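Here's the structure, in structure tokens; my notes come after.
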Amino acid sequence: MPIRINPSILAADFANFERELGRIRTADLVHVDIMDNHFVPNLTFGLAMVDRLQQVSPLPLDIHLMIDDPDKWAPGYAEVGAYSVTFHAEAAADAAGLARRLRAIGARAGLALKPGTPVEQYLELLPEFDQVLVMTVEPGFGGQSFMASTMPKLETLSAAVKSSGLDVWLQVDGGITEQTIEIAAAAGADTFVAGSSVFGADDPAAQIALLRSSAAR
Ligand code: DX5
Ligand code: ZN
């Protein structure tokens, strides 16, 4: 099973994004957390920033929208060339319709679930999505502790994806370290977002390699 490591630039030096992107060249995608101070109690970047990052990033961008009204805003991120655009199930008015619009523009469509959101009602939507993001912390901030209580949801998704024969990546985000990545991989995750563990390391490339080998264990 291929494993993807997506460092989150929420933990990078905000004054030096281009240089920070150069430190994670051995990763797979760059995870960009968009927060609107409404859906989550924190504020980060918007479309203009993503448009510019897209021009300088050596790796494709994995956009995580923690915003209200993704039905209105998400397609813009696909239009500037984001590789994947993930929006929250709790915020979307028409998740399937929005996923179709994102795919029609050429982006991979992702559905994110907060720790307390059950997955069962979304299983029938799996064919509409390229990835599902199981949040392993409450969205809003980096540096929080991994919630193992979300693992049964990942196991349910993993079984559903396998039995469907679909190619849907299963992503986890929040508190991923060389220890917790083993737990998430065992539960069926294949795509791992890591903020503080990568950008907080003296050698991000070595940390990415360590995460990769821990996930494969
Ligand atoms: C949290 C964000 C995460 C965050 C993860 O709401 O979605 O992507 O950057 O940070 P760490 O890896 O430090 O938990
Ligand atoms: Zn994120």
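Restricting the stretch 181-198 to residues that are assigned to a helix (DSSP H, G or I) and more than 16 Å from the chain's Cα centre (by Cα), which is farthest from ligand 1 (Cβ to nearest atom)?
So, considering only residues that are assigned to a helix (DSSP H, G or I) and more than 16 Å from the chain's Cα centre (by Cα), the one farthest from ligand 1 (Cβ to nearest atom) is Ala186.
Of all residues in the stretch 1-34, which are part of a strand (DSSP E or B) and of a type in the set (Gly, Ala, Ser)?
Matches in the stretch 1-34: Ser8 only.
Could you please find all residues in the stretch 108-143 being surrounded by fewer than 18 Cβ atoms within 10 Å (Cβ to Cβ), assigned to a helix (DSSP H, G or I) and out of contact with any helix residue (DSSP H, G or I) (no Cβ under 7 Å at 6 or more places or on another chain)?
If the condition is that a residue be surrounded by fewer than 18 Cβ atoms within 10 Å (Cβ to Cβ), assigned to a helix (DSSP H, G or I) and out of contact with any helix residue (DSSP H, G or I) (no Cβ under 7 Å at 6 or more places or on another chain), then Glu120, Gln121, Glu124, Pro127 are the ones that fit.
Considering only the stretch 45-84, how many residues are polar (S, T, N, Q) and either in contact with a helix residue (DSSP H, G or I) (Cβ under 7 Å, 6 or more places away or on another chain) or in a strand (DSSP E or B) (or both)?
Selection size over the stretch 45-84: 2.
Considering only residues that are surrounded by 19 or more Cβ atoms within 10 Å (Cβ to Cβ) and not in a loop (DSSP other than H, G, I, E, B), which ones fall in the stretch 144-157?
Of everything in the stretch 144-157, those that are surrounded by 19 or more Cβ atoms within 10 Å (Cβ to Cβ) and not in a loop (DSSP other than H, G, I, E, B) turn out to be Thr150, Met151, Lys153, Leu154, Leu157.
Identify, please: which residue in the stretch 94-107 is in contact (Cβ under 8 Å) with a residue 24 or more places away in the chain and either out of contact with any strand residue (DSSP E or B) (no Cβ under 7 Å at 6 or more places or on another chain) or outside any helix (DSSP H, G or I) (or both) and is, among those, surrounded by the most Cβ atoms within 10 Å (Cβ to Cβ)?
Applying the filter and picking the extreme gives Ala107.
Working carefully through the options Leu126, Leu157, Leu170, find the one that is closer than 18 Å to Phe87 by Cα and touching a residue at least 40 places away in the same chain (Cβ under 8 Å).
One residue alone meets the criteria, Leu126.
We did not get these values from a lab; they are worked out from the coordinates using the rules stated. The model shown is predicted, which means the values in this text are computed figures rather than measured ones. Every residue, glycine as well, gets a Cβ built from its backbone with ideal geometry; the counts of neighbours run over all protein chains shown.
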